[in-house]
Amino acid sequence: MRFISLFSVLILLLSPASFAERVIPSSVLNELKQQANIKDGELVYVDFWASWCTPCRKSFPWMNEMQAKYANKGLRIIAVNLDQEKALADSFLRDVPVEFGVIFDPKGKYAKEFKVKGMPSSYMLSPDGKVAFSHRGFFENKVQQYEDEISSLLNATGSKQ
């Protein structure tokens with residue numbers, strides 16, 4: 001009996017749905033939307049990164065591709081930089097140009113709200129501010145999975161299809 005109870009608790013704790021119910025505070029979401037000029041109803045993919053992060057460098061071309069492919073369907077990508085010196089981020093962006101919004105957060109205000117634990121960390125937000133899915137790290141062998149999650153959420157929410 002104890003095994004069944006422990007097993008049930010583990011299933012609940014590891015379930016993606018438990019994280020999906022997490023809502024980013026509306027004040028934080030509104031501030032992000034204002035800084036990145038995001039309209040109501042758009043799905044927001046928030047990516048936390050730093051100039052020293054090698055996987056971040058690899059993720060940017062993929063995010064450029066996703067922004068180009070799904071922008072007209074309601075996807076907006078925001079990259080939140082956590083470098084303490086903006087010059088480091090600017091240098092990175094000269095090497096790796098972006099086609100999506102970038103916000104500088106040297107004090108980590110947004111990272112604290114999202115409870116970022118590593119970089120890159122990405123969060124897909126539904127229009128109501130719920131975290132639909134998240135990823136820590138960027139793995140090139142999982143880009144199809146990442147895109148499938150974005151596409152499924154766009155289809156499920158009916159965003160500008």
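Some values worked out for this structure:
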quantity	calculated
Residues of the stretch 99-114 satisfying the condition of being among the aliphatic types (A, V, I, L, M) and closer than 24 Å to residue 71 by Cα	102, 103
Filter result for residue 101 (among the small types (Gly, Ala, Ser), crowded, with 16+ Cβ neighbours inside 10 Å and within 14 Å of the chain's Cα centre (by Cα))	yes
Number of the condition not met by residue 107 [criteria: (1) in contact (Cβ under 8 Å) with a residue 24 or more places away in the chain; (2) assigned to a loop (DSSP other than H, G, I, E, B)]	(1)
Looking only at the stretch 110-127, and only at residues there that are free of Cβ contacts under 8 Å to residues at least 40 places away in the same chain and not small (Gly, Ala, Ser), the one that is farthest from residue 35 (Cα to Cα)	117
Residue check, residue 46 surrounded by fewer than 19 Cβ atoms within 10 Å (Cβ to Cβ) and among the β-branched types (Val, Ile, Thr)	no
Per-region count, the stretch 54-91, residues in contact with a strand residue (DSSP E or B) (Cβ under 8 Å, 6 or more places away or on another chain), among the hydrophobic types (A, V, I, L, M, F, W, C), closer than 19 Å to residue 118 by Cα and in a helix (DSSP H, G or I)	4
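Laboratory data are not the source of any read-out in this text; all were calculated from the coordinates shown. Nothing here was measured: the structure is a model prediction, and the numbers come from that model. As a convention, Cβ positions derive from the backbone with ideal geometry for all residues, glycine included, and neighbour counts pool all protein chains shown.
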